[in-house]
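No value in this document is a laboratory result; all are computed from the given coordinates. Since this is a predicted model, take the numbers as computed values, not measurements. Cβ sites come from the backbone with ideal geometry, for glycine too, and all protein chains shown count toward neighbours.
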Amino acid sequence: MAERITGHTELIGLMAYPIRHSSSPAMHNEAFAYLGLDYAYLAFEVDNDTLEDAVKGLRALKMVGSNVSMPNKTVVHKYLDKLSPAAELCGAVNTIVNENGVLTGHITDGIGYMKSLKDNNIDVIGKKMTIVGSGGAATAIEVQAALDGVAEMSIFNIKDKFWDNAQETVNKISERTNCKVALYDLADLAKLKEEIADSYLFANATGMGMKPLEGQTYIPDKSFFRPDLIVTDVVYSPRETAMLKMAKEVGCKTMNGMGMMLFQGAAAFEMWTGKEMPIEHMKEVLD
Ligand code: NAD
């Protein structure tokens, strides 16, 4: 470390609370070291009360940028100069890029998901997908998929506090993209089966299958899947959720959330450094 950090080293931050558990600093610093890039990535405990000052600090220190996580993702736009189309549609920012004092907010979670599909030779553009969820991860995926050219999207969610957001996402996607989108109650399992039946891809974008819901799935049985359906999960811990296990047993091609995590970081990395993240090396390190 002493050898790597110099007077020229550029700083990139991560503003969230709690944040000490994050794997992002290890990921980005490994990539900087591997490519010999003179940047350092540090996590800062920043909550809504200190966020404005932290962004002012970013400006004053001429930091290259920052990642932003909870509880700041839906708040930080207030302190920025510009937003990417996806960040504006999602109402959330996870990456700040500082270009000569102009701070732009981006959301790279959806980019990460779409890139991880591509990395697995899955092409959903022009096709139909069915997706469950309307929280942060789901909204980012839904907005990016619609912006990238998915033709049709059926969104399901339980009728909880996220339902209104699901409705809002559907409205925004309808108004701002060419994607045909509809929202259904996840309690209507007959509808879920019907929508999956003519979809190219099915995605879980909720925490179902992860602690405290590990081992569980809302998919009642294998008859909901068919061998040529692609089944993806945002969950990466465990690597194989109960839903992905069921899909594999049916013969479906599956993808867990590791790729999304890696590629959302890679997208931010590229925005800050102008260099591609060494993906294959990072896959080895992260596994
Ligand atoms: P969130 O709290 O914003 O959203 C939670 C979502 O889960 C909502 O749609 C909610 O309605 C739904 N939900 C909650 N309980 C449910 C249940 N019992 N049955 C069905 N749906 C239920 O959470 P988030 O930030 O969107 O994260 C969701 C998952 O995505 C988490 O497992 C998280 O680890 C994962 N995630 C992965 C990545 C990645 O890069 N792979 C990135 C972000 C989040």
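Quick notes on this structure:
- Scattering profile of the stretch 55-107 at q = 0.15, 0.20, 0.25 Å⁻¹ [log10 I(q)/I(0), Debye over alpha-carbon scatterers]: -0.32, -0.58, -0.89
- Extension gain for the segment Asp188 to Leu213, taken as residue separation times 0.36 nm less the Cα-Cα distance, is 7.0 nm to one decimal.
- With an a/c value of 1.5 or above and a/b not larger than b/c for the gyration tensor axes a ≥ b ≥ c computed over the alpha-carbon atoms, the stretch 169-283 is described as oblate.
- With a cut-off of 15 Å on the backbone N, the residues of the stretch 199-218 near the modelled label site 7 Å out from Arg226 along Cα-Cβ are 199-202.
- Once the Cα-Cα distance is subtracted from the 0.36 nm per residue extended length, the Arg176 to Ile279 segment shows a gain of 33.9 nm.
- Anchor Lys222: lysines whose Cα lies under 18 Å away (excluding residues fewer than 8 positions away in-chain): Lys191, Lys193, Lys245, Lys248, Lys253
- With at most 14 neighbouring Cβ atoms within 10 Å, loop GluC sites (Glu not before Pro) (DSSP) excluded, longest segment of the chain: 4-275
- Sum of -39500 (n - 2.57) over DSSP H runs of 4+, divided by residues of the chain (222 nm, nearest 500): -11500 deg cm²/dmol
- Histogram of C-alpha separations across the chain, 10 Å bin width, %: 6, 28, 34, 22, 8, 1, 0
- DSSP-assigned coil residues among chymotrypsin sites (Phe, Trp or Tyr not before Pro) in the stretch 193-286, each with at most 10 further Cβ atoms within 10 Å: none
- Two-site label geometry, Glu270 and Leu42: point separation in nm, points 7 Å out along Cα→Cβ: 2.9 nm
- Gain in span if fully extended, Glu168 to Ile125, counting 0.36 nm per residue against the direct Cα distance: 13.2 nm
- For the residue pairs Lys78/Lys172; Lys128/Lys283; Lys73/Lys172, alpha carbon separations beyond 24 Å are given by Lys128/Lys283.
- Candidates Leu89, Leu58, Leu213, ranked by Gaussian network fluctuation over the chain, Cα under 10 Å, top entry: Leu213
- Charged-residue dipole, Cβ positions (Lys, Arg, Asp, Glu), the chain about Cα centre, Debye nearest 20: 200 debye
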